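The values are calculated or read from the model by the stated rules, or taken from the named source; none is laboratory data. The model shown is predicted, which means the values in this text are computed figures rather than measured ones. In this analysis, Cβ positions are derived from the backbone assuming ideal geometry, glycine residues included, and neighbour counts consider all displayed protein chains.
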Amino acid sequence: MTKEILILSGSPRKAGNTATLVDWFAAGARSKGARVEIVRTAFLKYKSTGCTACRTCQKLDAYACVIKDEAKPVLARMAKVDVIVMATPLYFYGASAQLKLVFDRMFSLYKWDNQAGTVATPLKGKTLVLLASAFEDEGLDALSKPFALTAKYTGMKFASLLVSNAGVSGDIKHKPGIRKQAVALGKQVASTKSRRVLLKIAK
């Protein structure tokens, strides 16, 4: 079975540390036969700055956002692929705003019944991967927590590669061992035989 992998790259830089991690991960996944699609969220055309809390999506039969912009089909793809990868630099101890624009609109991929206390989502059983880097060695634990908690809440497997001391844009290419780890993670996530949940933190 061929794995379908959707990567959301949340950096405004096209050749920086985040883009490099994405390229390495994607190369590893493709080497195992996975189909990989990369969306650079900083360059999508939006009609709103994130979720507008209209809750109209909760009234639909389908899992879909009602805001008609370039994020809408990306959200639809998230419901269909096997693996969702979120890639981001560390900005003020959190993910980039360019990634959060789409991440928050994942609200449309859940259906809550508050009276029954239940939630349904097509994301259950998928794998969520986080790729992130920081200039120094502080803040990646805080960045990763919302993604790990979202995966747990949703019933998704979770894997991550967190690279501290990555330096300024492009410096990660010269950091020993990171390329090997990113490629290996891509291969393992793409493997149909692997069910292990990985947590890799590169110092």
(request) Consider Leu75 carefully, then state whether it is under 23 Å from Gly186 (Cα atoms) and buried (at least 16 other Cβ atoms within 10 Å of the Cβ). (result) yes
(request) Filter the range 55-69 for residues that are surrounded by 14 or more Cβ atoms within 10 Å (Cβ to Cβ) and of a type outside the set (Val, Ile, Thr) and give the result. (result) Cys57, Tyr63, Ala64, Cys65, Asp69
(message) Filter the range 167-203 down to the residues that are out of contact with any helix residue (DSSP H, G or I) (no Cβ under 8 Å at 6 or more places or on another chain) and at pLDDT below 50 and list them by number.
(response) Arg195, Val197, Leu199, Lys203
(request) Please state which of the following conditions Thr20 fails to meet, knowing it meets all the rest: (1) of a type outside the set (Phe, Trp, Tyr); (2) more than 16 Å from Ser133 (Cα to Cα); (3) at pLDDT below 95. (result) (2)
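One line per residue, one yes/no per condition, for (1) over 27 Å from Gly186 (Cα atoms); (2) aromatic (Phe, Trp, Tyr); (3) under 12 Å from the mean Cα position of the chain (by Cα); (4) part of a helix (DSSP H, G or I):
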residue: Gln58; (1), (2), (3), (4): yes, no, no, yes
residue: Ala62; (1), (2), (3), (4): yes, no, no, no
residue: Ile67; (1), (2), (3), (4): yes, no, no, no
residue: Phe103; (1), (2), (3), (4): no, yes, yes, yes
residue: Val119; (1), (2), (3), (4): yes, no, no, no
residue: Asp141; (1), (2), (3), (4): no, no, no, yes
residue: Phe147; (1), (2), (3), (4): no, yes, yes, yes
residue: Tyr153; (1), (2), (3), (4): no, yes, no, yes
residue: Phe158; (1), (2), (3), (4): no, yes, yes, no
(message) Just checking, does the range 26-35 include any residue being touching a Phe, Trp or Tyr at 6+ places or on another chain (Cβ under 7 Å) and assigned to a strand (DSSP E or B)?
(response) no
(request) Please state which of the following conditions Gln115 fails to meet, knowing it meets all the rest: (1) under 16 Å from the mean Cα position of the chain (by Cα); (2) assigned to a loop (DSSP other than H, G, I, E, B). (result) (1)
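So that you can scan it fast, the table gives a plain yes or no per residue for (1) without any contact (Cβ under 8 Å) to a residue 60 or more places away in the chain; (2) of a type in the set (Gly, Ala, Ser); (3) at positive phi:
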| residue | (1), (2), (3) |
| --- | --- |
| Ile38 | yes, no, no |
| Ser48 | yes, yes, no |
| Lys68 | yes, no, no |
| Leu101 | no, no, no |
| Leu109 | yes, no, no |
| Val129 | no, no, no |
(request) Being within 12 Å of Leu6 (Cα to Cα), buried (at least 19 other Cβ atoms within 10 Å of the Cβ) and at pLDDT 95 or above narrows it down to one of Ile38, Ile84, so name that one. (result) Ile84
(message) I'm trying to understand the selection: among the residues of the range 1-23, which are surrounded by fewer than 23 Cβ atoms within 10 Å (Cβ to Cβ) and either of a type outside the set (S, T, N, Q) or in contact with a Leu (Cβ under 6 Å, 6 or more places away or on another chain) (or both)?
(response) Met1, Lys3, Glu4, Leu6, Pro12, Arg13, Lys14, Ala15, Gly16, Ala19, Asp23
